[in-house]
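Written below as structure tokens is the structure these notes are about.
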Amino acid sequence: MYRAPRGTSDILPREQAYWRYIEQKVVNACQLYGYERIDAPAFEDTKLFSRSVGEDTDIVEKQMYTFEDRGGNKITLRPEGTAPVCRAYLEHGLHNLPQPVKLYYIASIFRYERPQAGRYRQHYQFGFEAIGDDDPALDAEVIDMAWQFFQSLNLRHLSLQLNSIGCKKCRPGYLAILKDYYASHTRDLCSDCKTRLKRNPLRLLDCKKPQCQQIANSAPRSIDYLCPQCDEHFNRVKRYLELLDLPFAVNHRLVRGLDYYTRTVFEIQPEVEGAQTTLGGGGRYDDLIEELGGKPTPALGFAAGIERIILNLKKQNVPIPPLPRPQVFIAHIGDKARDEAIKLAAALRKNGIGVIEAIGNKSLKAQLRQANTLGAHHTVIIGEQEVKTGTVILRDMTTAQQRTIPIVQLQEELR
RNA sequence: GUGAGUGUCGCCUAGCGGUCUAAGGCGCCAGGUUGUGGCCCUGGAGAGCGAGGGUUCAAAUCCCUCCACUCACCCCA
């Protein structure tokens, strides 16, 4: 028997209400903030990701689905959503539009990881990207949009964490200071942190081990080493967030896993326990477009994992509106009645009335049972009698009232 | 890549060496009305116990290996 590959899953009909719910809220937020949808291909030239995400990140080093296609091209299934959007921005000369260009996507993401709660090999993210302006007001707007989106989902108990990790001018200096600090504590670090110290010092800050947390808590903070421009930028972002009444908390230990981030970084997390805490995150990536071959173009974005959102919606028992279903069920008895039923179903559908027609030779009882479990509001019953007289029985399934009406009147009655 | 836990009908669960040709609940199908649902009653279909190997007179029940799932670490959405 075949099963879905490890780390993937089927989204069955009973789950779909969650997905539609979230998609609808995403679309709504994007309309409110002026973002337009973009869909990029599921795979790209491998270099697009290795250059943007960073050669030394885990994503590039060991999590990408990379293969050579039949033409000998190195291809990678997208492990994140931002780089493809930036690629499209460059490829289609979107810098000719009024800046910033605001785009959003909903897309499957592929990473070869060990599956776990809220972590899959194929998962879905939506994200929005605002490309072409370095105004801190844009940072605030993106953060606000992310926050308001979660509010609109009716998710509660979320926290908004904010930090600034500087730019390519000031970050190297900070990293040197950070390394110095950690070098003096190297004996007390966990083994993971010892390798982080060499490979990715920023990540030292978010180690979960208690002994490392203590060290991280009193580590030098990036916001204390920002260059004047970054400092000014960060202060204005914070001021705008206050203007917007957003309950953000500056967290100097917040860093992000992708190399392209600069200045503002932020995450939204549920305040509950659990391992996969981050629902969504984002930040500025002012150097990425240039890195990909464009002119220097500031930008920022946000992305969130849909499966994780669903996990939290369930945890919080957030009511989800049910998906619409056909309103009318047609039951029939006998071959002649079935002929009528087929024609009737077609006629109703042509007029925009959703119909489920009983299929197979089931007893009326079985047909009504089916109508009941499907939740049809009305059942139309056609038997020999009705065929002869050109009528139909219209049964209201909630009140169990039914009456015989001429078939020509049915449409009228169903409105 | 590392660690821990789990693996019995579609779902949930019982069984923990012989009474298991595996039991129950949900769901599904059918009957209880000759043309009528939701409740109730009755019946039916549906697993040979993740896979393979071993121990034993005898294994779903013990052992081994593998696989899968789950959770955690790593990393991230």
Cβ pairs under 7 Å, 6+ apart, first in segment A:371-384 and among the polar types (S, T, N, Q), second more than 7 Å from RNA strand B (Cβ to nearest atom) and assigned to a strand (DSSP E or B): A:T379/A:F329; A:T379/A:A331
Out of A:R70, A:R78, sole residue that is among the charged types (D, E, K, R) and within 16 Å of RNA strand B (Cβ to nearest atom): A:R78
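The rows are residues; the columns are (1) of a type in the set (A, V, I, L, M, F, W, C); (2) over 30 Å from A:F110 (Cα atoms).
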| residue | (1), (2) |
| --- | --- |
| A:E307 | no, no |
| A:K315 | no, no |
| A:V318 | yes, no |
| A:I333 | yes, yes |
| A:R338 | no, yes |
| A:L364 | yes, yes |
| A:T373 | no, yes |
| A:M397 | yes, yes |
| A:R403 | no, yes |
Just to be sure, is A:D231 in the same structural domain as A:E55 (by TED's automatic domain parsing) and at positive phi? no
Within segment A:183-201, take every residue that is open to solvent by less than 20 Å² (accessible area, probe 1.4 Å) and under 19 Å from A:R256 (Cα atoms) and give me the one that is nearest to the chain's Cα centre (by Cα). A:P201
When you check A:A40 against the structure, is it part of a loop (DSSP other than H, G, I, E, B), surrounded by 14 or more Cβ atoms within 10 Å (Cβ to Cβ), in contact (Cβ under 8 Å) with a residue 24 or more places away in the chain and away from RNA strand B (no atom under 15 Å from the Cβ), yes or no? yes
Inspect segment A:308-320 for any residue being assigned to a loop (DSSP other than H, G, I, E, B), closer than 30 Å to A:D396 by Cα and more than 11 Å from RNA strand B (Cβ to nearest atom) and give the result as yes or no. yes
Does A:S9 satisfy the condition of being open to solvent by 50 Å² or more (accessible area, probe 1.4 Å) and within 12 Å of RNA strand B (Cβ to nearest atom)? yes
Filter segment A:202-225 for residues that are within 15 Å of RNA strand B (Cβ to nearest atom) and not hydrophobic (A, V, I, L, M, F, W, C); the one that is surrounded by the most Cβ atoms within 10 Å (Cβ to Cβ) is A:R203
Residues that are open to solvent by 50 Å² or more (accessible area, probe 1.4 Å) and of a type in the set (V, I, T), drawn from segment A:226-254: A:V250
Residue satisfying all of: in segment A:102-119; among the small types (G, A, S) and surrounded by fewer than 16 Cβ atoms within 10 Å (Cβ to Cβ); farthest from RNA strand B (Cβ to nearest atom) among these: A:S108
Quick one: A:D188 ticks every box in (1) under 30 Å from A:R6 (Cα atoms); (2) at pLDDT below 90 bar one, so which box is it? (1)
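Here is a yes/no grid of residues against (1) within 15 Å of A:T46 (Cα to Cα); (2) in contact with a Phe, Trp or Tyr (Cβ under 7 Å, 6 or more places away or on another chain):
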residue: A:K74; (1), (2): yes, no
residue: A:P79; (1), (2): yes, yes
residue: A:A83; (1), (2): yes, yes
residue: A:Y89; (1), (2): no, no
residue: A:H92; (1), (2): no, no
residue: A:P98; (1), (2): no, no
Against the condition part of a helix (DSSP H, G or I) and of a type in the set (S, T, Y), how does A:Y181 come out, does it pass? yes
The condition from (1) over 19 Å from the mean Cα position of the chain (by Cα); (2) assigned by TED's automatic domain parsing to the domain that holds A:Y21; (3) surrounded by fewer than 19 Cβ atoms within 10 Å (Cβ to Cβ); (4) in contact (Cβ under 8 Å) with a residue 40 or more places away in the chain that A:G257 misses is numbered (1)
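Residue-wise test of (1) over 19 Å from A:T82 (Cα atoms); (2) over 19 Å from the mean Cα position of the chain (by Cα).
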site	(1), (2)
A:N96	yes, yes
A:P100	no, yes
A:Y105	no, no
A:H123	no, no
A:A130	no, no
A:A137	yes, yes
A:V142	no, no
A:M145	no, no
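Filter the strands (runs of 3 or more DSSP E) completely within segment A:337-415 down to those with at least 1 residues that are farther than 27 Å from A:P322 by Cα.
Ranges flagged: A:378-382, A:391-396, A:402-406.
Could we say that A:E242 is within 15 Å of RNA strand B (Cβ to nearest atom) and part of a helix (DSSP H, G or I) here?
Taking the combined requirement at face value, the residue does not satisfy it.
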Here is a list: A:R20, A:R14, A:R87. Which entry is within 16 Å of RNA strand B (Cβ to nearest atom), basic (K, R) and in a helix (DSSP H, G or I)? A:R14
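The values are calculated or read from the model by the stated rules, or taken from the named source; none is laboratory data. Because the structure is predicted, anything quoted here is derived from the model rather than measured. FYI the Cβ positions are ideal-geometry reconstructions off the backbone, even for glycines, and counts take in every protein chain you see. Please note that ligands, DNA and RNA were not included when accessible areas were found on the heavy atoms of the full protein model with its side chains. Shrake-Rupley method; radii C 1.70, N 1.55, O 1.52, S 1.80 Å.
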